[in-house]
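Undergrad: Dropping a structure here in structure tokens format, bear with me for questions.
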Amino acid sequence: MTMFLDSPEAAELAREKSVRGTVVRLALKKASGVDAEQKMLLEAALQELLHCFERQSGESA
Amino acid sequence: MILRSVEIEHFGKFNAADFEFRRGMNLVTGPNEAGKSTLVEVIPAVLFGTRQVERFKPWGRSGCSASLVFEGDARSVEIRRNLLTDEVKVVERDALYQSVPRFEGKAALNGRSAACREYRLLLEQLLGIADDDLFRATCMFGQRVVEWTGDALGEKLRRLVSGSDETDFADILDALLDEHFELTRENPWGRDKQRDRELEQVRSMLEEQAVNLPATFAIASPDEEPELDERVRDLSAELERDRSEYVKGVCYVEKLRMNLQDPADTEEVGASSQKTETVPGGEASGTESADELSTRLVAEGLPEHPPENLPELLEEASRIRQELAEFQKPHAALAKSEGELKKAPWQKICILTTLLVCVVAAGWVFSFQPLVLSILGGAGLVGGWGWCLWRNLQHRRSLEDLKLERTKLEQVRGSVLTRQSELSERCEALGLPSSAIDLVRLQKVVEQNSELLDQWWSRNKTPEVPPVPVSKCLEDQNQESAASACENPEAATELAELEQRLGDFAAQLKEKELELARLKTRSSGQSAGVVESGEDTPVSDLQQKFNQIQQRVLVLREAVDLLVAGVEDYRQTHLVGLTEEAGRLFRKMTGGRYAQIRLDEDMRPELQIDGHRWHPADRFSRGTLDALYLALRIALSKVRGDGASLPLLLDDPFVHMDRERLSSTLKLLDMAASGGQLILLSHSEDLARRAARERWHVIPLGEGIAGTDNEDGDSHAGQLHLL
């Protein structure tokens, strides 16, 4: 299964000089040293956060 | 980007003036009241708008406008604003001086229109700042000190260095924590609230269901599975041994009985006993074939002792399922009807009423057929309100009808559920599974193995309690041996005792068989996970929900940890960057007297003395504070500009500094300006002389020099580069 954490989009987001970029960077760093189950959890948590960011920026726009 | 020029028309003292600035240090010099502060004020006024336009608008003049030209990255941006109407025009020009209009519209200070948002977005993109307060806090430093820790400003700065000036991470964190708390009522992050928690509720429901379930249907937890299997194996082996012992006991009793009888009768009795003898789990006679049948039944997924009314039970279960499924349609139709019901248009009728009243009032005010308008308006109102009331009445009636229909449906559904509950109890009593899924599966297996079941039922007319025939057999044997017992009383007593012990042993065997059946059902229920309790909510659904909530809780915890770590990381990076840069600058300004600066939670600066003690900045002298705030602002403009400094405007910031500190500060400013632009406004002649020495760009203001009201004619200021 393709994971967001392994995608180029995640790598691109991680380069952002923002909190969002920092969060993605942290998630990528964490994901590199954990088992598959923990990685799935990280993936879900990151998706949840990105969704929250997107929703809030949509609300504020 | 640097500020290349400012063009002013009818603003404050300036009638028509044009000022040019350069990269590096710029000094605007002139006596008091020459217009230095006005020149500084016009910059944020053009960028963001101003509330003080009346203050700067000259008497008797029609217009009040200004424009700024920023330059950088082989392009320039001109921002022109009519300060009276807040009409803004932004034009971008490339290296070949080709103009591209970027924005044209009305953008007032703190406006909320789409145009305002678009303009602020453009400013953010061009200058990296789109807020008046922040611009003043970071890029301007004047005689009138803007408090670093003002309520709104402090909050903005905190958000700025925590990266939440665009996204409110506190809101997101709150939402995540609230959801976590709602699910668990646990608060690992130290907050406490009184709310229901879904996970706890589902857990208690599960526990309740587990308690209410008969032991036969209790679900084993995954941890119990290996233990359960081991117990089933042990009990099966024990049961096998006990059965063998029982058969031996029966044979011994039989032999004893035969010894008591006439030899002639022995064969007959032995034969009759063999015909009727049944041991738990099989027959003494033909045990092998009965066991084979049982094994085949179990192998096919059927109960070991299927009751004769099994097909009827399964048919009844099928009927109940069908009836319950049929309730879905009317339920859905009812829900749809409820959704389609239209409420009375109260809002529309209110608007209509207001309109009619206005029209009638206008008729009376302007004497335009007031009576006719009043009658027509009144009729319209009565008609409208009457129609609306009628619609409301209809809506209520329809709702009541639907409610009645729903109640009837629920009653019928309740009776079906009662039947389902009774059926479940009957199934449980017969040792059958009671869940809908198991019953459907069982029905299929029964249909596929009807012949096998017929064989079983023809062989076992009374299959429910296997040991019963043993007692019956023993009773028959007792009757048969009663006559012979009279002849040998000791042997008869021994036989009676043995029979008694054999009966007890049979009862123990029965209990063990039931226990084994229970354990097997638990084990299969655990692996299938579909056991029902007979209530509306199946245990499997609850378990599934419980697992989902647990997973969600884990995701929320991980998300909160990630967000907190991310925000803290960003904050540390930027805050540490800010304080380090400010500390470096401040150290230079004060000649190394104060080594470090830090900001507390409320963004209040603190200074370190003697290498270890921290003191709030407001305890220090005005001169030190000025130097500190200046250092902080230069640092903030650098951090905010991500290395590319924004123009820094300093309006006489050195009035409280002594000569030594002024000298080191100016050196520092000169260094800071080398990578960007610094516009210094001062009336100090010393500073003007220094500017001449240091070859700063000097713009003199004053009588007969700049395009002030005192000068009619040439509006362009002469610019002295050297005094």
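Undergrad: Taking each residue of A:10-21 in turn, how many C-beta atoms of other protein chains fall within 10 Å of its C-beta, and what is the average? Could you put the intermediate results ahead of the total?
TA: Details: counts 0, 0, 0, 0, 0, 0, 0, 5, 6, 15, 6, 3.
Counting other chains' Cβ atoms within 10 Å and averaging over A:10-21 gives 3.
Undergrad: If you don't mind, another one. Could you give the nm distance between label points at B:Arg117 and B:Phe366, where each point is 7 Å from its Cα heading toward the beta carbon?
TA: Each label point lies 7 Å from its Cα, and together they span 3.8 nm.
Undergrad: Let me ask you something else. Run through every distinct alpha carbon pair of the range B:308-429 and return the Kirkwood hydrodynamic radius in angstroms, one decimal place. Kindly include the intermediate steps, with their values, before the conclusion.
TA: Values: mean 1/r = 0.0519 Å⁻¹.
Evaluated over the range B:308-429, this radius sits at 19.3 Å.
Undergrad: Something else: Per residue of B:169-175, how many C-beta atoms from partner chains lie within 10 Å of its own C-beta, taken as a mean? Each step should come with its number before you reach the end.
TA: Details: counts 7, 0, 3, 8, 2, 0, 3.
Average per residue, whole number: 3.
Undergrad: Cut-off is 10 Å between beta-carbons; in what order do B:Val42, B:Val298 appear when sorted fewest neighbours first?
TA: Details: B:Val42 26, B:Val298 12.
By the 10 Å Cβ count, ascending: B:Val298, B:Val42.
Undergrad: Now a separate question. Using the Cα centre of the range A:4-60 as origin and beta-carbon charges of +1 (Lys, Arg) and -1 (Asp, Glu), tell me which of A:Val34, A:Val19, A:Ser7 is placed farthest towards the positive end of the dipole.
TA: Among A:Val34, A:Val19, A:Ser7, the one farthest towards the positive end of the dipole of the range A:4-60 is A:Val19.
Undergrad: Here's a follow-up. Calculated from DSSP H runs of 4 or more alone, at -39500 (n - 2.57) each and per residue, what is the 222 nm mean residue ellipticity of chain A, nearest 500? Walk me through the intermediate numbers first.
TA: On the way: 3 runs with 45 residues, N = 61.
Dividing the helical sum by the residues of chain A leaves -24000 deg cm²/dmol.
Undergrad: Normalised by the empirical 2.2 N^0.38 Å for globular proteins, what value does the Cα Rg of the range A:4-60 take?
TA: Values: Rg = 11.4 Å, N = 57, 2.2 N^0.38 = 10.2 Å.
Taking N as the residue count of the range A:4-60, the ratio is 1.11.
Undergrad: Using the number of other C-beta atoms within 10 angstrom as an exposure proxy, rank B:Ser434, B:Ser318, B:Ser76 with the fewest first.
TA: On the way: B:Ser434 25, B:Ser318 14, B:Ser76 20.
Fewest-to-most ranking of B:Ser434, B:Ser318, B:Ser76: B:Ser318, B:Ser76, B:Ser434.
Undergrad: Separate question: How much FRET efficiency would the formula 1/(1 + (r/R0)^6) give for B:Asn392 and B:Thr573, where r is the Cβ-Cβ distance and R0 is 56 Å, rounded to 0.05? Provide the component values of the computation, followed by the final result.
TA: Numbers: r = 61 Å, r/R0 = 1.09.
The computed FRET efficiency comes out at 0.40.
Undergrad: If neighbour count is taken as other Cβ atoms inside 10 Å, put A:Cys52, B:Cys358, B:Cys251 in order from fewest to most. All intermediate terms of the calculation are to be shown ahead of the outcome.
TA: Values: A:Cys52 19, B:Cys358 11, B:Cys251 15.
Sorted ascending by nearby Cβ count, the order is B:Cys358, B:Cys251, A:Cys52.
Undergrad: Determine the dipole magnitude for the range A:4-60: charges of +1 sit on the beta-carbon of Lys and Arg, -1 on that of Asp and Glu, nothing else is charged, the reference point is the Cα centre, and the result goes in debye to the nearest 20. Please list the in-between numbers first.
TA: On the way: 8 positive and 10 negative charges, 64 e Å.
Dipole about the Cα centre, nearest 20: 300 debye.
Undergrad: A further question follows. Please give the charge dipole size of the range B:308-429, origin at the Cα centre, charges +1 on K and R Cβ atoms and -1 on D and E Cβ atoms. Round to the nearest 20 debye.
TA: Working: 16 positive and 15 negative charges, 209 e Å.
For the range B:308-429, the charge dipole is close to 1000 debye.
Undergrad: Can you give the mean number of other chain Cβ atoms that lie within 10 Å of the Cβ atoms in peptide A:45-51? Please list the in-between numbers first.
TA: Working: counts 11, 4, 2, 11, 11, 1, 2.
Other-chain Cβ atoms within 10 Å of each residue's Cβ, averaged: 6.
Undergrad: Cα-Cα over 21 Å: which of B:Lys588/B:Lys638; B:Lys638/B:Lys667; A:Lys29/B:Lys545; B:Lys13/B:Lys36; B:Lys343/B:Lys408?
TA: Long pairs (Cα-Cα over 21 Å): A:Lys29/B:Lys545; B:Lys343/B:Lys408.
Undergrad: Once you list every other residue whose beta carbon is under 14 Å from the beta carbon of B:Glu92, what net charge do they have if Lys and Arg are +1 and Asp and Glu are -1? Intermediate values should be presented prior to the final figure.
TA: Details: positive: B:Arg4, B:Arg75, B:Arg80, B:Lys89, B:Arg93, B:Arg102; negative: B:Glu71, B:Asp73, B:Glu78, B:Asp94, B:Glu104.
Here the count lands on +1.
Where a number appears in this text, it was derived from the coordinates with a stated rule and is not lab data. Everything numeric in this text was worked out from a predicted model, so none of it was measured. Note: ideal-geometry Cβ built from the backbone for every residue, glycine included; neighbour counts use all protein chains shown.
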